[in-house]
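Please read the structure below before turning to the comments.
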Amino acid sequence: MDIKNLETFLAVARHGSFSEAGKALGLSRSGISIRIATLEEEFGTPLFDRDTRPPKLTREGRFVLDHAREMLAVWARMKRRERSSEETGLFNLGTVQTVMTGLLPFGLSLFRDRFPQIRVVIRTGLADELDAMVRRGELDAAVQPQSDNIHPGLTWQTICREPLVVAAPSEVNGKDDAELLSALPFIRYRRIAWGLGRATEQEFARRGIEVTTLAEVDSIEAALNLVRNGLGVAVVPWRRMPDPFPEGIRFVPFGDPPQARTLGVLWREDVAASDLVRGLCEALEDAAREV
């Protein structure tokens, strides 16, 4: 049995659809379907009822789901090296792009000063991807927005909250977020991102806000550059960093009540580098206060 097929099965069960699982894993919908079909052939029974929308787990699928989690946890423990990160001097850290260009560099600078013998290796990705890598033991920890569902066996520590704001060209009139969002086309941050994209879409739906989309981008810098040139407005976090907005941009709070994203650190409860994770949390908290 290919372990990737089990990981794909868990992703479909978690996200509720083949398409959303594909986005999280970086696969096409057909790629997801092939993996699930292969798994069903190995078990000799359907695992999803495809006549329902979204597809629901069958009774056999629910049975497999319970044991698949245990099997993947055992696999991760087998892959994990015996020696701790403290002994090898290596710390594998994951983060999302919006944290990599905000708080993280300031926190890592403090972390490096406190743990000079440790070499940090950073990987960026979507929060869903980082979550899976932490569970598989491929990352010692991940710095990311908080999700609605922390998996069993994982630990979360909140570092700070970053208010969400509507960024608009300074010459555009509008006293609140609704007026600015209707004044110019909207520059979306990728919708599948936990802390920003999804929060924005949920608030739009709750308040019945309709926007005309100019672009969907994968970095805050790209969104702000479009805003600064008068092409549109964007919802972005007020990142914990000096001068988070370039000249020529004004901003107002987003949401009613105002919305914010929560940043923190996610790691396995049994990770060997637990002392380093705690040191990272302290460095990030200190950096958040300083900037």
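The values are calculated or read from the model by the stated rules, or taken from the named source; none is laboratory data. Being a predicted model, the structure only gives us computed values, none of them experimental. Neighbour counts run over all protein chains shown; Cβ positions are idealised from the backbone, glycine included. To get the accessible areas, we keep the full protein, side chains included, count just its heavy atoms, and leave off ligands, DNA and RNA. Shrake-Rupley method; radii C 1.70, N 1.55, O 1.52, S 1.80 Å.
Could you please find all residues in region 117-136 being open to solvent by 70 Å² or more (accessible area, probe 1.4 Å) and either modelled with pLDDT under 90 or closer than 18 Å to ARG239 by Cα (or both)? Result: GLN117, THR124. Confirm whether LEU276 is at pLDDT below 95 and either of a type in the set (Gly, Ala, Ser) or not in a strand (DSSP E or B) (or both). For LEU276, the condition - at pLDDT below 95 and either of a type in the set (Gly, Ala, Ser) or not in a strand (DSSP E or B) (or both) - is met. If you go through region 151-168 and pick out every residue that is under 21 Å from ALA13 (Cβ atoms) and either hydroxyl-bearing (Ser, Thr, Tyr) or open to solvent by 60 Å² or more (accessible area, probe 1.4 Å) (or both), you end up with 1. Region 9-86 holds helices (runs of 4 or more DSSP H) entirely within its bounds, and those carrying 3 or more residues that are modelled with pLDDT under 85 map to 18-25, 59-79. Restricting region 88-124 to residues that are of a type in the set (Ser, Thr, Tyr) and assigned to a helix (DSSP H, G or I), the residue that is farthest from VAL277 (Cα to Cα) is THR98. Restricted to region 173-273, the set of helices (runs of 4 or more DSSP H) holding at least 3 residues that are open to solvent by less than 30 Å² (accessible area, probe 1.4 Å) and hydrophobic (A, V, I, L, M, F, W, C) comprises 220-228. Looking at PHE91, is it within 30 Å of GLU285 (Cβ to Cβ), hydrophobic (A, V, I, L, M, F, W, C), modelled with pLDDT of 85 or more and open to solvent by 20 Å² or more (accessible area, probe 1.4 Å)? Judged against the criteria, PHE91 is not a match.
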